[in-house]
Structure formats: structure tokens, C-alpha cells
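The values are calculated or read from the model by the stated rules, or taken from the named source; none is laboratory data. Because the structure is predicted, anything quoted here is derived from the model rather than measured. Neighbour counts are summed over all protein chains in view; Cβ atoms, including those assigned to glycine, are modelled from backbone coordinates with ideal geometry. When the accessible area is computed, the model is the full protein with side chains, heavy atoms only, and any ligands, DNA or RNA have been set aside. Shrake-Rupley method; radii C 1.70, N 1.55, O 1.52, S 1.80 Å.
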Amino acid sequence: SLKSALAAPEILLGVFAPHCAAAALRLLKSYDLPIGAAVCDALLDDSSGKGSPFQALLLHGSKECEALVDELMAREPKLKAALNDSALIAALTPKTQEAALRLIEERGVEITDAVPEYLTKGTSSSVKDAGTKDKTWTPVVPLTALVLDESCASLVDVLCAKDASIKAAVKAPATIAAVATPAKAGIALKLIETYNIEIGDELAGLLMAKD
């Protein structure tokens, strides 16, 4: 039958992508298509190491993807269980900071011990060193990458409010020193004022070493 053909994994997986989210949602609702085990497993498959197809929908940010995610989770509990700290960790980048906020504030994903562990010790990313003329890129831990990006201020505030260890890491001398550059002065000042940061000997030493 047509319904059986449309429910085939190769068809559904072809449309369960951010650019096809609106069409996928119409297909699911119009034909009341089931989400079989094979489709569910494929949506959660991260064998590539670049994130699962379900994570791609979660992190995209469009209304169409959000609606499709809701529909998929309503039909398959296993997908709802994938709203966990792993999904949040994948979203903790400047590029996907809005998705991270939604996961915490709207979808109720908890900040487990794995989240601060990743933010402070995870795989380093690189940011452009605004203090140099040669446009060098400096490796930083994920938390510093968020702090250095002004668009991530709301996410950083939420993370600090919900986890004391993340707040402590944001207030740490090394973090403040990283943003204490002419280009990031506004961010540094906001952190100092928001978190009542004192310029102690350690921070003063790091700042002087940068001159």
C-alpha cells in the first residue's frame, strides 16, 4: 500500500533532515506514518562522530524542525529519551547556542556532571586572537569559546545559574584573563560586574603577563 511504501526507512530517513522538515511533518500527519525501530535507530545513529540525524534536527533551530522533533518524540519514546546531556553538549557552541538555550529552558534537559566536565576539559575549539595583527587562532576549551562570544551571554548566564561549578569556571582568573583584551573589554566588564569578580594576585599576574 501507499502508506507502507511511505513508511519505509529509506523514504522516511530521506526526509528527516532540516531542509525537508516541513515536508516530513506533513507526511507523518497526513498518512499517520509509524516510526519503526529501524528508522528510530537510524535517527539516533552517530557512528560518523558528527552527530546523529536527530541531533541535526534538534540543533537546527527552525520552527519546522522544532515541530518535527515534537511529532517524532510523541510517536517514539526512545527519541524523547535522546533529549539528554549528550544532546546538550553537542549544542554548546557559539553557532548552536540558541538550540542549547531551548534544550535547557524549554525542553528541560538537565545539566549533569558531564556538562561542566565537557565545558572545562572537553575538546578544544579555536577562536581568533583579536589582540594580534596576524589573525592567529588560539585553542580554547568550550566554555571559554562561549564566554568570548557576546551572542552567548544569555546561555552563559543560564549555565552559571544552574551549575555552581560552571559559574566557578567562568569566574576563574584564567577565563577572565582570556577575555581581558581591547576587543573583548565589554564582555570582561560585564563578567566582572555580574559575578562580583575581584582582581586578586592570580588574575593580576595573568593580566600583566599578557602585556
Residues that are open to solvent by 70 Å² or more (accessible area, probe 1.4 Å) and either outside any helix (DSSP H, G or I) or in contact (Cβ under 8 Å) with a residue 12 or more places away in the chain (or both): does region 9-25 have at least one? no
Residues that are polar (S, T, N, Q), more than 21 Å from Val109 (Cβ to Cβ) and part of a helix (DSSP H, G or I), drawn from region 153-211: Thr175, Thr194
Flagged in region 68-92 as crowded, with 18+ Cβ neighbours inside 10 Å and not small (Gly, Ala, Ser), in numbering order, are Leu68, Val69, Leu72, Met73, Glu76, Leu79, Leu83, Leu88, Ile89, Leu92
Just one listed residue, out of Glu64, Glu71, Glu106, is touching a residue at least 12 places away in the same chain (Cβ under 8 Å), of a type outside the set (A, V, I, L, M, F, W, C) and closer than 30 Å to Asp149 by Cα, and it is Glu64
Among the numbered criteria (1) within 30 Å of Ile176 (Cβ to Cβ); (2) at pLDDT 95 or above; (3) out of contact with any helix residue (DSSP H, G or I) (no Cβ under 8 Å at 6 or more places or on another chain), which single criterion is violated by Asp70? (1)
Qualifying positions in region 181-211 - without any contact (Cβ under 8 Å) to a residue 40 or more places away in the chain and open to solvent by less than 40 Å² (accessible area, probe 1.4 Å): Ala188, Tyr195, Ile197, Gly200, Leu203, Ala204, Gly205
Can you confirm whether region 54-64 contains a residue that is open to solvent by 40 Å² or more (accessible area, probe 1.4 Å), over 30 Å from Lys162 (Cα atoms), part of a helix (DSSP H, G or I) and small (Gly, Ala, Ser)? no
What pairs come out if I take residues in region 76-98 that are basic (Lys, Arg) and pair them with residues that are modelled with pLDDT of 95 or more and assigned to a helix (DSSP H, G or I) whose C-beta lies under 7 Å away, six or more apart or interchain? Lys78/Cys40; Lys80/Met73
Note: among Asp163, Asp157, Asp129, just one is closer than 27 Å to Ile89 by Cβ, of a type outside the set (Lys, Arg) and at pLDDT below 85, namely Asp129
